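Engineer: Below you will find the structure I want to go over with you.
The values are calculated or read from the model by the stated rules, or taken from the named source; none is laboratory data. Fair warning: this is a prediction, and the values are worked out from it, not measured in the lab. All Cβ positions, even for glycine, are placed from backbone atoms using ideal geometry, and neighbour counts span all protein chains on display.
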């Protein structure tokens, strides 16, 4: 009887550990997703506020922020720092 009781406690401990690990992983992934989202929103805000010096061509330029992966379409050919024109294939 004593061995069965120990086995039950071991199984419960394993299940609790697995559940705790799963919850820790899912909460950690969620915070990374929120960090990425807020970084992308900040990059787009900076792109919208960017005022280039001089003359820029008037053409729509889809671009990607190199650090965050955010996407934004500029209304002219002058891209804000950190942005690259998106290549269409």
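Engineer: Any chance you could count how many residues in region 47-70 are in contact (Cβ under 8 Å) with a residue 24 or more places away in the chain and in a strand (DSSP E or B)?
Structural biologist: Of the residues in region 47-70, 3 are in contact (Cβ under 8 Å) with a residue 24 or more places away in the chain and in a strand (DSSP E or B).
Engineer: Of all residues in region 60-75, which are loosely packed, with under 14 Cβ neighbours inside 10 Å and more than 17 Å from the chain's Cα centre (by Cα)?
Structural biologist: Answer for region 60-75, where residues must be loosely packed, with under 14 Cβ neighbours inside 10 Å and more than 17 Å from the chain's Cα centre (by Cα): 60, 62, 73, 75.
Engineer: Related question: In this structure, is residue 82 in contact with a strand residue (DSSP E or B) (Cβ under 9 Å, 6 or more places away or on another chain), at pLDDT 90 or above, surrounded by 11 or more Cβ atoms within 10 Å (Cβ to Cβ) and at positive phi?
Structural biologist: Yes.
Engineer: Got a number for residues in region 50-59 being over 14 Å from residue 82 (Cα atoms) and either under 25 Å from the mean Cα position of the chain (by Cα) or surrounded by 12 or more Cβ atoms within 10 Å (Cβ to Cβ) (or both)?
Structural biologist: Total meeting the criteria: 1.
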